[in-house]
Amino acid sequence: MSFDAVDVIRTKRDGGVLSAEQIDWAVDAYTRGAIAEEQMASLAMAILLRGMTRPEVARWTDAMIRSGERMDWSELSSPTTDKHSTGGVGDKITLPLAPLVAACGAAVPQLSGRGLGHTGGTLDKLESIPGWRASLSNEEMLEVLRTAGAVVCAAGTGLAPADRKLYALRDVTGTVESIPLIASSIMSKKIAEGTGALVLDVKVGSGAFMKNASDARELARTMVDLGTDHGVRTVALLTAMDTPLGRAVGNAVEVAESVEVLSGGGPADVVELAVALAREMLIGAGLTDAKDPAEALRDGSAMDAWRRMITAQGGDPDAALPIPRESHEVKAPETGFLSRLDAYGVGVAAWRLGAGRARKEDTVSYAAGVTLHAKPGDEVREGQPLLTLHADETDRFERALEALEGAYEIGGKPDPQPLIIDRIA
Ligand code: URA
């Protein structure tokens, strides 16, 4: 069935509901190049402004899944389970989490992304390990899953090509921040990836896409419903992203912190979230009698799985990580408690230091980033280092320091805030 693109745009512009046939046609025609970029931009803006009903989002997601291949892991003897985070500052959780869950008996086939803007990308972080390869064929993915139990790699061009094209368009047309478009974008890729279970880590706060809990809850609910309707056992945790996760923000520094967690140490918040998400992933996989993830961190089995996973993707887990050429300390201006350390400010600082990219084509510095010497609630003394900035060139510091202006406060002891805010099933 064929439609006129302008009629489809007008229907949504005027607050109408798109039919299943209109949606199938629009997504397919856009992927084939039969709808012009400006027409899809206009439709995306109409969706952003008018929203979508639950059946519309479900059909839009379905059409994006059908635009490409759907992966199949039925040859594996272990059940598959995965995690997706909506993105935050210092969010290195996938690095310890994937081998942790593999060590407890499930298979983790994770297709991941690169960073854009103030949030980092898992692939950029892992690429700071010498030799590690992000691009794998489907056969190589299967082989890594068989030998290591977990694989983290880039999505191939065959997976949800409609989303690949639409996401790039949304990025430059002010249409990213639409709950139906975000939910369908994330879930089309995760469902096409073929995982049996999925845990969503929906971040809330200054460093997240969703700045308030009610938007985050709506996004989580929409994604959980999409996953469940497609036969993927899906739950979401709403987690705080007002301050960076852990004490490292960047690429190599986040790998080093993940290795600390896998060695049984590391910052308490990273351990708490990794263990909570791992437990949810194992429940989703049906492995209710599995080894407890906290035990797999203590007994070294998660570290063994990490070493197998990195080696199977060409990396050397013992190689030295890139070290920064230059560093700059930010000191506490007075004595008191660190009452606030803003995730967005630190994320932008790390990005300006070179850890992130402004355009897809940019390269990242693996050594750049920020190390936190104090977390909110810690007592600090005047002149004590609060943060260390790392970069390859000293001229990066000025703009990074500008991003940190007003991003931290010393004052009274803040009330402790929960990291895990809610669970949506
Ligand atoms: N991540 C995605 O994959 N898609 C979105 O639309 C937003 C974040």
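The values are calculated or read from the model by the stated rules, or taken from the named source; none is laboratory data. Remember, it's a predicted structure, so these values are computed and weren't measured experimentally. Cβ: placed from backbone, ideal geometry, glycine included. Neighbour counts: every protein chain shown. What goes into the accessible areas is simple: the full protein's heavy atoms, side chains included, and nothing from ligands, DNA or RNA. Shrake-Rupley method; radii C 1.70, N 1.55, O 1.52, S 1.80 Å.
Things worth noting here:
- Screening residue 257 against (1) of a type outside the set (A, V, I, L, M, F, W, C); (2) open to solvent by less than 20 Å² (accessible area, probe 1.4 Å); (3) farther than 17 Å from residue 125 by Cβ leaves a single unmet condition, (3).
- Filtered residue count, the stretch 135-177, keeping only those that are assigned to a helix (DSSP H, G or I), over 22 Å from residue 359 (Cβ atoms) and open to solvent by 40 Å² or more (accessible area, probe 1.4 Å): 6
- Residue identified as modelled with pLDDT of 95 or more, surrounded by 22 or more Cβ atoms within 10 Å (Cβ to Cβ), within 16 Å of the chain's Cα centre (by Cα) and not acidic (Asp, Glu) among 101, 199: 199
- Screening the candidates 64, 45, 40 for the property of being out of contact with any Leu (no Cβ under 9 Å at 6 or more places or on another chain), within 16 Å of the ligand (Cβ to nearest atom) and in a helix (DSSP H, G or I) yields one hit, 45.
- Considering the stretch 123-152, and only residues there that are within 16 Å of the ligand (Cβ to nearest atom) and in contact with a Lys or Arg (Cβ under 8 Å, 6 or more places away or on another chain), the residue that is nearest to residue 321 (Cα to Cα) turns out to be 124.
- Qualifying residue in the stretch 239-262 (condition: under 30 Å from residue 57 (Cα atoms), outside any loop (DSSP other than H, G, I, E, B), touching a residue at least 24 places away in the same chain (Cβ under 8 Å) and under 19 Å from the mean Cα position of the chain (by Cα)): yes
- Per-region count, the stretch 153-191, residues under 30 Å from residue 302 (Cβ atoms) and more than 12 Å from the ligand (Cβ to nearest atom): 4
- Cβ-Cβ distances below 6 Å connect no pair with a first residue in the stretch 397-425 that is of a type in the set (Asp, Glu), a second residue that is in a loop (DSSP other than H, G, I, E, B) and at pLDDT below 95, and a separation of six or more residues or different chains.
- All positions within the stretch 314-347 that are open to solvent by less than 40 Å² (accessible area, probe 1.4 Å), touching a Gly at 6+ places or on another chain (Cβ under 9 Å) and under 30 Å from residue 417 (Cα atoms): 332, 336, 338, 339, 342, 343, 345, 346, 347
- Checking residue 125 against (1) farther than 18 Å from residue 62 by Cβ; (2) in a loop (DSSP other than H, G, I, E, B), the condition it does not meet: (2)
- Candidate set: the stretch 112-134, residues that are closer than 12 Å to residue 363 by Cα and in contact with an Asp or Glu (Cβ under 8 Å, 6 or more places away or on another chain); chosen: the one most open to solvent (accessible area, probe 1.4 Å): 114
- Criterion: buried (at least 18 other Cβ atoms within 10 Å of the Cβ), at positive phi and not aromatic (Phe, Trp, Tyr) - qualifying residue of 207, 227, 246, 264: 246
- Qualifying residue in the stretch 239-247 (condition: away from the ligand (no atom under 14 Å from the Cβ), of a type outside the set (Lys, Arg) and out of contact with any helix residue (DSSP H, G or I) (no Cβ under 7 Å at 6 or more places or on another chain)): yes
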